[in-house]
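J.: Here it is, the structure, as structure tokens.
A short reminder: the numbers here are calculations on the coordinates, not readings from a lab. In this text, all values refer to a predicted model and were calculated from it rather than measured experimentally. Here the Cβ positions follow ideal geometry from the backbone for every residue, glycine too, while neighbour counts run over all protein chains shown.
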Amino acid sequence: MAWIDLQNDLPGIRGPMIYRPDTGAILNDLAEALLHDENNSLSRGDREMIGAYVSSENDCYFCQHVHGAMAQHYYQSDTSFIDNIKKDFHAADISEKLKSLLTIAGSVQKGGKNVTQDQIENAKKLGATDREIHDTVLIAAAFCMFNRYVDGLNTWAPEDRQVYIDRAPMRARDGYSQAGLKN
Amino acid sequence: MAYIEVEEGVPGIRSLFNFRPETGKPLCNLAEVLLRGPSPLSSGERELIAAYVSHRNGCMFCMNSHAAAARCWHGDQKQIVDELLREQNAGSLSQKMKALLLIAGKVQNNGRSVTPDDIDAARNAGAADADIHDTVLIAAAFSLFNRYVDGLASYTPTGEAAYEEMGKRMCEKGYHI
């Protein structure tokens, strides 16, 4: 049960987004620009994976499974592939460049000052552009907000992970625009 | 020097908004609505929450600029801002603000740190649902802003004068780009 009366029974962030639609719409605009907008050299799968990883580090059940399922959808992988990245991305079968970006995201999750010059140089050496580094930092920072909004209000989350997997294709099709969240 | 190539001399988050306006716009809109839009909390109280969370995250740019905005809103009560940021038990803060700042501090750590007792204490001090909602979202949003500014090592001006002017502008004109 959420700490406050959200006047709806939607799970996770959708509850407070409907409760307070003016900030809800802005948060959706941010998610759309960061995660769904096609004008980005980072794939949608990689951007969702960064969100899922940070949410897992923040122990946010709702966000890590929503965005883990989104990454799984874009990667066309199974659930264990996503879980293995969250558990130990260094050992996962992903590009060295994505590993370097997840390293930066992990530092941002702990606090912005944890990002080091070495981490940035390593990512650049592996081909990351300034904008890709920017987006990695901002996606990680944004999930430090989304996760705190979801858990700081004690919103509820479906336990069954299949629920998240089943919703992912629709969200991938519609994006995070306000219209998309009415479904 | 910032980790990415942004315009020289443009301070903090503004240089990042210019670098990537597609995300800058919703972030500015968020600050404007959260800190200056409709809320049972005054803008001065909301800037205080923003400065407090930034202080706890050690983000000098956000802490100094939002403390300056909070001082501007508080006028002749502005010592309250410095008392809070020195972690003194700011005597002139209302019980309600004390309870809400405690919740904001928990959210800064992690959303799951907030307890039913924290919420009860805020309610007993007169906080309604909308006060609690706005406190949690402001604290969460500054968990973003602080990481964005420091995670890219953006330029942090030193010296109080720069921030005083910034705070005055934030208080009088707001956050639209």
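J.: As a check on your grasp of the helix formula, calculate [θ] at 222 nm for chain B: sum -39500 (n - 2.57) over DSSP H runs of n ≥ 4, divide by the residue count, round to the nearest 500. It would help to have the intermediate numbers written out before the result.
T.: Values: 9 runs with 120 residues, N = 177.
So the helix-based figure for chain B works out to -21500 deg cm²/dmol.
J.: Any idea what the dipole of the stretch A:86-168 comes to, in debye rounded to 20, about its Cα centre with Lys/Arg Cβ at +1 and Asp/Glu Cβ at -1? Can you show the working numbers first?
T.: Details: 12 positive and 12 negative charges, 37 e Å.
That gives a dipole near 180 debye.
J.: Follow-up. Does the stretch B:1-66 classify as rounded, prolate or oblate by the C-alpha gyration tensor (a ≥ b ≥ c root eigenvalues; a/c under 1.5 gives rounded; else a/b over b/c gives prolate, otherwise oblate)? Walk me through the numbers on the way to the answer.
T.: Working: a/c = 3.10, a/b = 1.50, b/c = 2.07.
Note, shape of the stretch B:1-66 comes out oblate.
J.: Okay, next question. Using +1 at the C-beta of Lys and Arg and -1 at the C-beta of Asp and Glu, which of A:149, A:24, A:40 has the Cα lying farthest in the positive direction of the dipole of chain A?
T.: About the Cα centre, the residue reaching furthest to the positive side is A:40.
J.: Still on this structure, please answer the following. Between the alpha-carbon centers of the stretch B:126-165 and the stretch A:119-157, tell me the distance in whole angstrom.
T.: 17
J.: Continuing with this model, one more query. Please work through chain B and write down the cysteines that have no neighbouring cysteine Cβ at a distance under 4.7 Å.
T.: Here B:28 come out as lacking a disulfide-compatible partner, given the Cβ-Cβ threshold of under 4.7 Å.
J.: For residue B:173, give me every one of the aspartates and glutamates with a C-alpha distance below 12 angstrom, ignoring sequence neighbours fewer than eight places off in its own chain.
T.: By straight Cα distance, residue B:173 reaches B:32, B:165.
J.: Taking 7 Å along the Cα-to-C-beta vector as the label spot, tell me the residue B:95-residue B:160 distance in nanometres, rounded to one decimal.
T.: Distance between label points: 3.4 nm.
J.: If I model a spin label at residue A:78 and residue B:42 as a point 7 Å from the Cα along the Cα→Cβ vector, what separation in nanometres do I get?
T.: Rounded to a tenth, the inter-label distance reads 6.1 nm.
J.: If you look at just the Cα atoms of the stretch B:1-147, how large are its Rg and its Dmax in Å?
T.: When restricted to the Cα atoms of the stretch B:1-147, Rg and Dmax are 15.5, 49 Å.
J.: With label points built 7 Å along Cα→Cβ from the Cα atoms of residue A:22 and residue A:90, find their separation and express it in nm.
T.: Here the answer is 4.7 nm between the modelled labels.
J.: Report, in listed order, any pair from A:99/B:168; A:125/B:25; A:124/B:168 with a Cα-Cα distance greater than 32 Å.
T.: On the way: A:99/B:168 42 Å; A:125/B:25 30 Å; A:124/B:168 38 Å.
Cα-Cα > 32 Å for A:99/B:168; A:124/B:168; rest within.
J.: Separate question: Which values of log₁₀ I(q)/I(0), to two decimal places, follow from the Debye formula for the protein assembly as shown at q = 0.07 Å⁻¹ with a uniform point scatterer at every Cα?
T.: After summing over all Cα pairs, the log10 values are -0.28.
J.: Could you check which residue among B:104, B:67, B:140 shows the biggest mean-square fluctuation in a GNM of chain B with a 10 Å Cα cutoff?
T.: Looking only at B:104, B:67, B:140, the biggest GNM fluctuation is shown by B:140.
J.: Helix B:60-74 against the longest principal axis of chain B: what's the angle in degrees, Cα atoms only, rounded to the nearest 10?
T.: 60
J.: If you don't mind, another one. Can you give the local net charge around residue B:141? Use residues other than it whose beta-carbon is closer than 12 angstrom to its beta-carbon, Lys and Arg +1, Asp and Glu -1.
T.: On the way: positive: A:148, B:46, B:147; negative: B:32, B:134.
Here the charged neighbours net out to +1.
J.: Using a ≥ b ≥ c from the Cα gyration tensor of the stretch B:21-101 (square roots of the eigenvalues), is it rounded, prolate or oblate, where a/c under 1.5 gives rounded and otherwise the larger of a/b and b/c decides, a/b for prolate? Don't jump to the answer; show the numbers that get you there.
T.: On the way: a/c = 2.01, a/b = 1.53, b/c = 1.32.
Verdict is prolate for the stretch B:21-101.
J.: Assuming a ≥ b ≥ c are the square roots of the Cα gyration tensor eigenvalues, decide whether the stretch B:100-140 counts as rounded (a/c under 1.5), prolate (otherwise, with a/b larger than b/c) or oblate. Walk me through the intermediate numbers first.
T.: Working: a/c = 2.17, a/b = 1.33, b/c = 1.62.
Oblate, because a/c is 1.5 or more while a/b does not exceed b/c.
J.: OK, next. Looking at chain A, identify the longest residue range that excludes and avoids all GluC sites (Glu not before Pro) in DSSP loops having at most 16 other Cβ atoms within 10 Å.
T.: Details: sites that count: A:38, A:159.
So the longest stretch without any such site is A:39-158.
J.: Same structure, new question: Taking the Cα centre of the stretch A:29-153 as origin, work out the dipole magnitude from +1 charges on Lys and Arg Cβ and -1 charges on Asp and Glu Cβ, in debye rounded to 20. Mind dumping the intermediate values first?
T.: Details: 12 positive and 19 negative charges, 64 e Å.
In total the dipole reaches around 300 debye.
J.: Treat every Asp and Glu Cβ in chain B as -1 and every Lys and Arg Cβ as +1, leave all other atoms uncharged, and give the resulting dipole magnitude about the Cα centre to the nearest 20 debye. Don't jump to the answer; show the numbers that get you there.
T.: Details: 18 positive and 22 negative charges, 36 e Å.
Using Cβ point charges on Lys, Arg, Asp and Glu, chain B gives about 180 debye.
J.: Let me ask something additional. Quick one: angle between helix B:95-109 and the longest Cα principal axis of chain B, in degrees between 0 and 90, rounded to 10, please.
T.: 50
J.: Can you tell me the 0 to 90 degree angle between the C-alpha axis of helix B:21-36 and the longest principal axis of chain B, rounded to 10?
T.: The two axes meet at around 30 degrees.
J.: Place +1 on the Cβ of every Lys and Arg and -1 on the Cβ of every Asp and Glu in the protein assembly as shown, take the dipole about the Cα centre, and give the residue among B:85, A:101, A:111 whose Cα lies farthest towards its positive end.
T.: B:85
J.: What list do you get for B:60, A:49, A:70, B:166 if you sort them by fewest beta carbons within 10 Å?
T.: B:60, B:166, A:70, A:49
J.: Separate question: Going by Cβ distance under 4.7 Å, what cysteines of chain A have no possible disulfide partner?
T.: Cys with no partner Cβ under 4.7 Å: A:144.
J.: Ok, one more. Using only the Cα atoms, what convex hull volume per residue in Å³ does the stretch A:43-182 have? Mind showing how you got there, number by number?
T.: Working: hull volume 15.6 nm³, N = 140.
So the per-residue hull volume is 111 Å³.
J.: Choose one of B:10, B:141, B:63: the residue whose Cα lies farthest towards the positive end of the charge dipole of chain B (beta-carbon charges +1 Lys, Arg; -1 Asp, Glu; about the Cα centre).
T.: Toward the positive end, the furthest listed residue is B:141.
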